[in-house]
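Working notes for the structure below.
Values in this text are rule-based calculations from the coordinates and carry no lab data. Only a predicted model underlies this, so the values are computations on that prediction, with no experimental measurement involved. Glycine gets a Cβ as well: all are built from the backbone with ideal geometry, and neighbour counts include every protein chain shown.
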Amino acid sequence: MNKKIVLLFAALFFLLATHAFAATPEASQVSKVLTERTNGNDAFYNRMLAPAKSLDVQRSESDRIHSVNGQISNEIEMVVSAFKNASEENKAEAVKEAISGFENQVNNNGGVFITFTNSNPSAANSRAITLIPKTNGFITAASVLNVFSSYKRSPKGSDQFYEYSNPQDLTNSDVRASSGGEASHLLPQAASPMKVGQNYAIKKCRQIMGWRCVTAIFRIDNYLKGADSFGMFFSSMADLSNNPDHAQFSHDSRSVNQVSGSTTVYVVKESAKWIMIYGTEVQLNNGRLQFAGTIQNEFKKDFNRVRERLAIDLKISADQLR
């Protein structure tokens, strides 16, 4: 082979290898966790979860899951890298610019947006971002993760929640029901925060021309140390076809998930003056989308309630959130 061609291939390999290992430690950790939980051999997660898959139905199931996991990890890489590398004064703008690299509508819609792909199968990619200035001692990465997990564990508005006592055995669990209301997502009515490293199984339902429900597994964790440390909120849809639901839901459609698979990651990242929470969720539906406009509006309302809860609990003005 021509020596120049050999050198060219060597240089190309070096560039690709350098790029492949350039990910932030945070994104690498997220990628590792997603692989272990949604596309690995873990006895619990492999049995329990129905993660999101890409729309390329010609590829293997594992490849489709890997594609979604890669998209999530890459987005987190871009956002976290921008947050870490920018000066404290420029972090908000740096994060905004990073997000514009994959979905500028997030910036155009107040930091909250769902991108729909209305094919068959169809997909929805929800993204949300907020930055919290550290104006008092209540505002830490741990407190933000606690508030966020409490919010996610609490019913809102017309929600009906069912929390299972044993995520490994939905059939034989005790089920605790709770109903949403105007202030059910706020203290003192809100649920307690999730415990780090513990799995939760929760069914969220609403009455919209019959029951519309999704049952999912939730978990929060803290990863890495020092400047690379971050909190992570994870959820993925529960596979009710391989894990029979509780008998109390057998007489109606509450044992039917309204989507075919989902994977959600939110990261909580702290700097000297800011705490960032960025999240992305991918949902797969084996069919065409319905109620897209309603879903978009509800997602915006939901994340505005997240911000409201953060502001109240952290004793900060909502106007200070970015």
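Here are a few things to note about the model shown:
- Between the range 285-322 and the range 154-205, the Cα center-to-center distance that results, in Å: 18
- Straight-line cross-link partners of Lys269 among the lysines, defined as a Cα under 16 Å from its Cα and at least 8 positions apart when in the same chain: Lys84, Lys91, Lys96, Lys134, Lys225.
- For Ala238, nonlocal amide neighbours, meaning residues 5 or more places apart or on other chains whose placed amide H falls under 5 Å from its own, are Ala50, Thr215, Ala216, Ile217.
- Each 20 Å bin from 0 upward holds the following percent of the Cα-Cα pairs of the chain: 31, 58, 10, 1.
- Using 0.36 nm per residue and subtracting the Cα-Cα separation, the extra length available between Asp228 and Ser317 on full extension is 29.2 nm.
- Multiplying the residue separation of Ala142 and Asn108 by 0.36 nm and removing their Cα-Cα distance gives an extension gain of 9.3 nm.
- Taking each DSSP H run with n ≥ 4 as -39500 (n - 2.57) and averaging over every residue of the chain yields -11000 deg cm²/dmol at 222 nm.
- Placing +1 on the Cβ of every Lys and Arg and -1 on the Cβ of every Asp and Glu, with no other charges, gives the range 22-320 a dipole of roughly 380 debye about its Cα centre.
- Dipole of the range 22-320 [Lys/Arg +1, Asp/Glu -1 at C-beta], most positive-end residue of Val95, Val147, Thr38: Val147
- Taking θ as phi - 60° and the Karplus parameters 6.51, -1.76 and 1.60, the scalar couplings of the range 129-141 work out to 9, 8, 10, 10, x, 7, 8, 8, x, 6, 9, 9, 4 Hz in sequence order, x denoting glycine and proline.
- GNM top mover of Arg64, Arg176, Arg307 - the chain, alpha-carbon springs below 10 Å: Arg176
- Whole-Hz couplings from phi, Karplus 6.51/-1.76/1.60, listed for the range 110-120; x for Gly and Pro: x, x, 9, 6, 10, 9, 9, 10, 8, 10, 9
- All lysines inside 19 Å of Lys156 as judged from Cα atoms, apart from same-chain residues fewer than 8 positions distant: Lys203, Lys204, Lys300, Lys301
- Candidate aspartates and glutamates - alpha carbon under 19 Å from Lys152, same-chain residues fewer than 8 apart omitted: Glu163, Glu182, Asp221, Glu281, Glu298, Asp302, Glu308, Asp313
- Under 5 Å, built H, 5+ apart or other chain: amide partners of Lys134: Trp274, Ile275
- Using θ = phi - 60° and Karplus 6.51 cos²θ - 1.76 cosθ + 1.60, couplings along the range 59-64 (whole Hz; Gly, Pro as x): 8, 5, 4, 4, 5, 5
- Whether the range 186-250 is rounded, prolate or oblate, judged on the alpha carbon gyration tensor where a/c under 1.5 counts as rounded: prolate
- Dipole axis of the chain (+1 Lys, Arg; -1 Asp, Glu on Cβ), positive-most option in Asn120, Phe161, Asn243: Asn120
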